[in-house]
1. What does the extension gain come out to for residue 20 and residue 223, with contour length at 0.36 nm per residue minus their alpha carbon separation?
2. Determine the relative contact order of the chain: mean sequence separation of Cα pairs under 8 Å and six or more apart, normalised by residue count, in whole percent.
3. Mind running the shape call on region 1-145? Use the C-alpha gyration tensor, a ≥ b ≥ c as the square roots of the eigenvalues: rounded below 1.5 for a/c, prolate if a/b tops b/c, oblate otherwise.
4. Quick one: order 635, 58 by neighbouring beta-carbon count within 10 Å, fewest to most.
5. Which entry is the computed log10 I(q)/I(0) by the Debye sum over Cα atoms at q = 0.05, 0.06 Å⁻¹ for this structure: (i) -0.56, -0.69; (ii) -0.23, -0.32; (iii) -0.31, -0.45?
6. Pull out the extension gain between residue 625 and residue 192, defined as 0.36 nm times the separation in residues minus the alpha carbon to alpha carbon distance; nm, one decimal.
7. Tilt of helix 301-314 relative to the longest C-alpha principal axis of the chain, in degrees (0 to 90, nearest 10)?
8. Using a Förster radius of 45 Å, what is the FRET efficiency between residue 401 and residue 574 based on their Cβ-Cβ separation? Nearest 0.05, please.
């Protein structure tokens, strides 16, 4: 069995940051690698016993590395590292996040990274290199049970003791696991809050004189066709460490609570729109509003259409008229006559492309992310009004049709839609991004909705490009406009929606396979277990991370955007009976029903139904504070777009499934 492990350590007392041999620390390791074939469903099993031979307590971090035959590696630490986190791309942008580069690169690139285990959605570090996958997986943290330190598992509960960690090294060609942890060479709270490597203090693992600790590892080495084949390991790791989300409200109550909060507390009648954020004004007892009016994404149609769907399900005509007035205002006033495309943002009644994200863009112009998503949501509003209200808004459909005709002309020779489009003529001026997949999704939706087959060849060509260049490589980047083309989980949601419709139209089984791969990419950002959060309010509520998805590698927190593909997950399950996807679908539904105020101030702010977008599954992400300056693990505001994602998922196909 050709599996070698390298074990080293760094003690709290040593002056250097170098990891030295165990002998240098007075530690001893006994290791056995037995059984298994290295495959996802049958990994090699390693048992390592590490003993402290000193007469004093040893305190530090122990590093166990799995070397591999390095040729052209691409690393995958779920929700933290994808490929090289685009270390190959220019890095002199405002947004910092961990990138892998050879040699001695400048910040924020490094040839190696270490991070605490709870920054990963699945406790595993994998690498794809030239037709093979190598990897290591172990418990994300240790517990104390009956006086002994043991690795946590769902069936092995005890008192939390210490986190583990994971590593990857492009320089050495290794992936690794640590007892104790380091965030090194840098720690990223988010893209704009970066800390230098900290001294070993509270991140240490301690061994009493003569104490022995046991480490159990799963080791992987198997043939693979592409990067997407790492997902076979994620499936198995999910089953080993899975915990269900805590029990929340039932689905209909969740929809009623969330929709009513947005309807009553976020609607701004004078602007015919919803506020982007609503804050409590402790001094006056009222509210403060951050408008952030946009075409979609963080406001606009990403709120209005889910609110319309909720109103139709709840049979609330006042809520319905509110949402319709927002949609009509956008359809009637957002179009730029020069380009034939809708403007991205609105301020004091004036439409433009000067949204809050403007300074994060490489050039000025319309963004395909907002444009395509807006068209998609107008189509969804059209469909649900027709289906549930027997009301046909022909002007909405005409608005979408005219813009899609222009967007199709901007597709490049690869089949990719632009990232940025010209304000002057609507043509593409910047590509190399997954954000245009929303245009692709809107075109697929339009084709399925109207029965028109004019664009089938175009859809197939775009699908092939997005699949081969992004999905297969497990590296979707450039969707959120404020992340400078970071690898993220948001853009793939559009692709998932598009491929679902292409499969409906064609019936071709290859699109179900591609849909599976895209879903599994999204699942790589979705927590499989409940991270032991230690910061309130989430810690006080026993809030669950399982079922929630991390946003991106640059702005890591859990937000609810992935809830908007609940209907697509259901569609896939109904067409395949895939029990794994079904289980993760139920996690997503369960997470969505437990992450908002079910009564006033449950999350230490706001009213019943209020919910923010930011949930810190790791203390390493926290910077929000309470009034007394103590740290908080969520934002204290109502954010309608975040609620809209959950409403979208629960009031669509899944609602019909409840009947």
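Each value in this text was obtained by applying a stated rule to the coordinates, not by laboratory testing. Source: prediction; values computed, not measured. A quick note on method: Cβ atoms are made from the backbone with ideal geometry, for glycine too, and the neighbour counts reach across all protein chains shown.
1. On the way: separation 203, 0.36 × 203 = 73.08 nm, distance 3.27 nm.
Gain on stretching residue 20 to residue 223: 69.8 nm.
2. Rounded, it is 14 percent for the chain.
3. oblate
4. Ordered by Cβ neighbours within 10 Å, fewest first: 635, 58.
5. Derived directly from the coordinates: (ii).
6. The span from residue 625 to residue 192 would gain 154.2 nm if fully extended.
7. 80
8. Values: r = 30 Å, r/R0 = 0.66.
That pair, residue 401 with residue 574, gives E of 0.95.
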